[in-house]
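*Asks:* Quick one: the structure is below, and I'll ask about it shortly.
The values are calculated or read from the model by the stated rules, or taken from the named source; none is laboratory data. This one's a predicted model, so the numbers in the text were calculated from it and none came from an experiment. Here the Cβ positions follow ideal geometry from the backbone for every residue, glycine too, while neighbour counts run over all protein chains shown.
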Amino acid sequence: MRLFLTGFMGSGKSYVGRRLADRLGLPFLDLDDLVEEQTKTTIAELFARVGESSFRDLESTMLRELDNLPMFVLATGGGTPCFHDNMQWMNGQGTTVFLDTHPEIIGARLADERDKRPLLHGPEDLPTLIRRRLEDRRECYASAKIHVVHDNPEDDVVRLVESRLNAHRPN
């Protein structure tokens with residue numbers, strides 16, 4: 001099984017991915033971590049040095065290098081599916097899951113991380129920025145094979161994803 005977790009930054013892809021991989025007995029990968037290991041720099045520094053376009057090129061290349069791995073759970077970057085036909089590619093390689101996390105939950109998670117996340121820089125207040133960027137990407141995210149709505153901070157999102165995966169599997 002190849003499982004690609006998608007969704008906006010702060011939606012819980014890495015958190016859910018680690019726990020889900022453990023439950024499924026699969027390796028966990030985080031695309032942002034892979035990019036940072038490859039470039040020996042942080043995502044924020046990479047954005048500042050080469051710009052978003054070059055970052056997206058590198059991210060897409062690294063994503064496609066995973067095509068030789070038979071099984072994994074991957075947390076993608078928030079923008080990964082929306083560039084270079086990455087969502088279409090991931091849909092062809094395995095199962096994609098859109099973690100559709102409520103903007104208020106995302107905002108609470110990202111409140112102290114604005115400096116670390118290049119796409120959160122700017123004069124807009126955080127809730128407005130999150131809602132605008134999330135709406136810009138919603139169509140892309142919605143093309144995932146599985147859609148998991150997370151609008152209650154008390155939900156066990158790992159269990160929700162696991163349940164949707166079980167329902168999605170062919171008999």
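*Asks:* Six or more apart or on different chains, Cβ atoms under 9 Å: show the pairs whose first residue is in the range 143-171 and within 23 Å of Gly92 (Cβ to Cβ) and small (Gly, Ala, Ser) and whose second is assigned to a helix (DSSP H, G or I) and at pLDDT 95 or above.
*Replies:* Hits for this filter: Ser143/Pro81; Ser143/Met87; Ser143/Gln88; Ser143/Asn91; Ala144/Pro81; Ala144/Met87; Ala144/Met90; Ala144/Asn91.
*Asks:* A further question follows. How many residues are touching a Lys or Arg at 6+ places or on another chain (Cβ under 6 Å) and part of a helix (DSSP H, G or I) if we restrict to the range 24-54?
*Replies:* 1
*Asks:* Of (1) acidic (Asp, Glu); (2) within 23 Å of Leu160 (Cβ to Cβ); (3) at pLDDT below 95, Asp30 satisfies all except one. Which?
*Replies:* (3)
*Asks:* From the residues in the range 104-118 that are surrounded by 15 or more Cβ atoms within 10 Å (Cβ to Cβ) and either over 15 Å from the mean Cα position of the chain (by Cα) or aliphatic (A, V, I, L, M) (or both), which one is farthest from Thr41 (Cα to Cα)?
*Replies:* In this case the residue turns out to be Ile105.
*Asks:* Hey, another quick one. Specify the residue that is farthest from Pro103 (Cα to Cα); the eligible residues are those in the range 125-135 that are among the charged types (D, E, K, R) and free of Cβ contacts under 8 Å to residues at least 24 places away in the same chain.
*Replies:* Per the stated criteria, the residue is Asp125.
*Asks:* When you check Thr96 against the structure, is it touching a residue at least 60 places away in the same chain (Cβ under 8 Å), more than 17 Å from Val73 (Cα to Cα) and in contact with a strand residue (DSSP E or B) (Cβ under 6 Å, 6 or more places away or on another chain), yes or no?
*Replies:* Criteria not met by Thr96.
*Asks:* In the range 22-45, how many residues are over 13 Å from Thr76 (Cβ atoms) and either surrounded by 20 or more Cβ atoms within 10 Å (Cβ to Cβ) or among the β-branched types (Val, Ile, Thr) (or both)?
*Replies:* Total meeting the criteria: 3.
*Asks:* Out of Asn152, Asn91, I need the residue that is polar (S, T, N, Q) and under 19 Å from Met1 (Cβ atoms). Which one?
*Replies:* Of the residues listed, the single one that is polar (S, T, N, Q) and under 19 Å from Met1 (Cβ atoms) is Asn91.
*Asks:* Taking the criterion of being part of a helix (DSSP H, G or I) and hydroxyl-bearing (Ser, Thr, Tyr), would at least one residue in the range 59-76 satisfy it?
*Replies:* So far as the range 59-76 goes, yes, one or more of its residues are part of a helix (DSSP H, G or I) and hydroxyl-bearing (Ser, Thr, Tyr).
*Asks:* Only residues in the range 17-41 that are free of Cβ contacts under 8 Å to residues at least 24 places away in the same chain count as the first member; pair them with residues that are assigned to a helix (DSSP H, G or I), Cβ under 8 angstrom, at least 6 apart or cross-chain, and list the lot.
*Replies:* Glu36/Ile43; Glu36/Leu46; Thr39/Leu46; Thr39/Leu58; Thr41/Arg49
*Asks:* Can you confirm whether the range 66-73 contains a residue that is more than 18 Å from the chain's Cα centre (by Cα) and either within 20 Å of Gly10 (Cα to Cα) or touching a residue at least 24 places away in the same chain (Cβ under 8 Å) (or both)?
*Replies:* yes
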